[in-house]
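S.K.: First the structure, which I've put down as C-alpha cells, then a few questions once you've had a look.
A short reminder: the numbers here are calculations on the coordinates, not readings from a lab. As the structure is a prediction and not an experimental result, all values here were calculated from the model. All Cβ positions, even for glycine, are placed from backbone atoms using ideal geometry, and neighbour counts span all protein chains on display.
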Amino acid sequence: MPVLDGQGVHDALRQCGSTLAVVFLTGHGDVPMAVEQMKRGAVDFLQKPVSVKPLQAALERALTVSSAAVARREINTVLPAVDAERA
C-alpha cells in the first residue's frame, strides 16, 4: 500500500463515501492548500503549533458534523422501512 499524506487520506475517505469529519493539522500548509481541503469538505485546517482552544473547537465541530452525518444515514436507512409498512 502506498504511503498517503493527509490530502490523500482525505481523498480516499471521500471516494469510499465516508462521513467522517476531517480536521487537518499541518506544519507545512499554505492558504491554497487550506482552501482546497475546505472545498473538499474538511471541517477545519490548523497549522502547527496550535494551542488547545482552537484544536478543541475544531474537534468539537468535527464531532458535531460526524454525529449529524450518522443521524442522517440512520434516518435514510429507516425511512424506506417505515414507508413500506405504511404502503
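S.K.: Just one of the numbered conditions (1) hydroxyl-bearing (S, T, Y); (2) outside any loop (DSSP other than H, G, I, E, B); (3) surrounded by 14 or more Cβ atoms within 10 Å (Cβ to Cβ) is not true of T19; which one?
M.R.: Of the numbered conditions (1) hydroxyl-bearing (S, T, Y); (2) outside any loop (DSSP other than H, G, I, E, B); (3) surrounded by 14 or more Cβ atoms within 10 Å (Cβ to Cβ), the odd one out for T19 is (2).
S.K.: Could you tell me how many of the residues in region 43-55 are over 12 Å from the mean Cα position of the chain (by Cα) and surrounded by 11 or more Cβ atoms within 10 Å (Cβ to Cβ)?
M.R.: Adding up the residues that qualify gives 5.
S.K.: I would also like to ask the following. Kindly indicate the residue of region 36-67 that is in contact (Cβ under 8 Å) with a residue 24 or more places away in the chain and touching a strand residue (DSSP E or B) at 6+ places or on another chain (Cβ under 8 Å) and also nearest to G17 (Cα to Cα) among those meeting that condition.
M.R.: The residue in question is A42.
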